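Beneath this line is the structure, given in structure tokens, with notes to follow.
FYI, it's all coordinate maths here, none of it is from the lab. Quick caveat, the model's predicted, so the values are computed rather than measured. Counting neighbours? That spans all protein chains shown, and the Cβs are built from the backbone with ideal geometry, glycine included.
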Amino acid sequence: MLPKFFFLTGLLAGWGAPSGGPPVPGVPRRGLAVDFSPAIASEAPRGPLASGKGRGEQQWRVSPGAPGAVTAETVQEAVDLLKELVALDTTNPPGDEIKAVEHIKPLLERDGAEVRVFESAPKRGNLWARVKGRGSAKPFLITAHLDVVGAKKEGWESDPFKAEERGGYLYGRGVLDDKAMAAAGVTVLRLLARSMAPLERDVVLFLSADEEAGSGQGMAWMLKNHPELLEAEAVLNEGGRIVIENGRITHAAVQNYEKLYLDVALSAEGPSGHSSMPRPGDAITRLSRAVARVGAYEFPVRLNQVTRAYFSGLSRLPAHPLGKEFSMLVSRKRGPAFREAVRKITSDPAYNAGLRTTCAPTVVQAGFRSNAIPSSARADVNCRVLPNDDPRKIVEKLREVIGDPAVKVSAGQAEKPALSPEDHPFFRCVRSVLGEMAPGAVTAPYMSAGATDSRELRRRGLNAYGLAPFPVTLGDEGRMHGDNERLMLSSVSFGLEFLYRLTVRFAAAPVPSDALRGP
């Protein structure tokens, strides 16, 4: 048997990679030059970030000749697993994640990984797996969730629970959120187990249940019952993104902070009776006015230390169409130019969500038949609150905006989120790998509008970072939780290579900080 360091050296150089096997879009049989232009050309980014450039410019490539262990066969393995996971309907509720756990468990065991299954409730499966290192440094934890939100088939162009390849994309519920991350994590752990790479850290994979409904049967349950198994120097989770704008990777938004999640209920009461004799002050009309006012109101724009660093990073992109606006946003100047910059930036929903507290009506309940006026009506409003805004003042502002004391406004609890440091070796590893694979792209800290399991990890003092490594346009990211969710097949290639390099770099040996340079 060759010494272990020969196995790692061979992997990093692409030595001994098998040839043959079915081709995967965007992945050559040898080498790592990945061309994304066919998928991008089929639907270029739209909206304020679209540039109208020709097909020849809508592309980016992995650095020619860059080392790596990921081959076409490895990518096909990940794509096949992703398709199989999509076909296992884990819509939450009820979840039934044990189906996915039982599918993945033998794959990891076959290659020598240590695997444990935790069923937090009947059919609520969580999977923990590990490839052991020397133990000279704390573990590296990769986590993803196996449950998905529901999908109404009538809104889809294909069956959401049967992954379909079309036009360079893979369509299916969960391909973005979060089964691609799970498939990539499994594939990377299998690669490490096969190679017997000499890791300094254990590499742990945790695939959780119930993230889409609060994680009570998943991450939160695991941290309560088996916290020692999730101890780590750094955690990689979903929540951030590698962004395609104008056909190129412009930046990696590494989530190290989250907005607060706050549910607000609006309720109204009024006279009931026959619909042929309406009376003033009925519950539905009163509530409808309140919902319309909440939906139309915009909270002020505020920067915090993470969003300022994020937009400062984007302002350094020389060709970004909003570069001047980003620079104006993070400057100390105020006036008409600043207000115009804010208007342009916030016209994109993704940027808007990072700059202000938002409150969106999501559920309305009223009435029981078409010819009867109900005595009550209720609406649910979901607010994502900036960490430096006081939730109590947000609720008071909603009461003021509604302007009707007969509409009751009540809110749940919102816990202030913890912050993972930007000045951390793992963050610097992300910056280094992105600089290799997408030269010129910027790595920046990011505050996500959506909630993830990272909030549970950070509450317990773990350094959790969100970055799904699959490049996406902001338009495709907007399909998450919606109809026709999709992921470019070439992004699977890039993401798997990115995750493998990142894992080896962070887990194989401590890397001097001065060796981790990048934009």
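Take the Cα of S276, step 7 Å toward its Cβ, do the same at K408, and the gap between the two points is 3.3 nm. Residue exposure proxy: H320, H251, H481, ordered by other Cβ atoms within 10 angstrom of their Cβ from fewest to most, comes out as H481, H320, H251.
Could you list log10 I(q)/I(0) for segment 369-519 at q = 0.12, 0.19, 0.21 Å⁻¹, which the Debye formula gives when each Cα is one point scatterer? Log10 of I(q)/I(0), two decimals: -0.75, -1.28, -1.40.
The label point for S158 and the one for F368, both projected 7 Å from the Cα toward the Cβ, are 4.5 nm apart. Partners of K132 within straight-line reach, counting aspartates and glutamates whose Cα lies under 20 Å from its Cα and excluding those fewer than 8 residues away in the same chain: E109, D111, E114, E200, D202, E228, E231, E233.
Both radii come from the Cα set of segment 374-435: Rg as radius of gyration, Rh as Kirkwood radius; their ratio Rg/Rh reads 1.26.
So if the hydrodynamic radius of segment 147-304 is defined as the Kirkwood radius over C-alpha pairs, what does Stokes-Einstein give as its diffusion coefficient at 20 °C and 1.002 mPa s, in µm² per second? Intermediate values should be presented prior to the final figure.
Values: Rh = 21.3 Å.
For the chosen part, D equals 101 µm²/s.
Shape analysis of segment 260-411 yields a ratio of the Cα radius of gyration to the Kirkwood radius, Rg/Rh, of 1.13. Here's the list of aspartates and glutamates a cross-link from K416 could span, going by alpha-carbon distance under 17 Å and ignoring same-chain residues fewer than 8 apart: E258, D263, D389, D390, D453, E456. Across segment 469-477, computed HN-Hα scalar couplings (Karplus, 6.51 cos²θ - 1.76 cosθ + 1.60, θ = phi - 60°) run x, 9, x, 9, 7, 4, x, 5, 4 Hz from first to last residue, x flagging Gly and Pro. Charge dipole (Cα centre; +1 on Lys/Arg Cβ, -1 on Asp/Glu Cβ; no other charges) of segment 260-411 amounts to roughly 540 debye.
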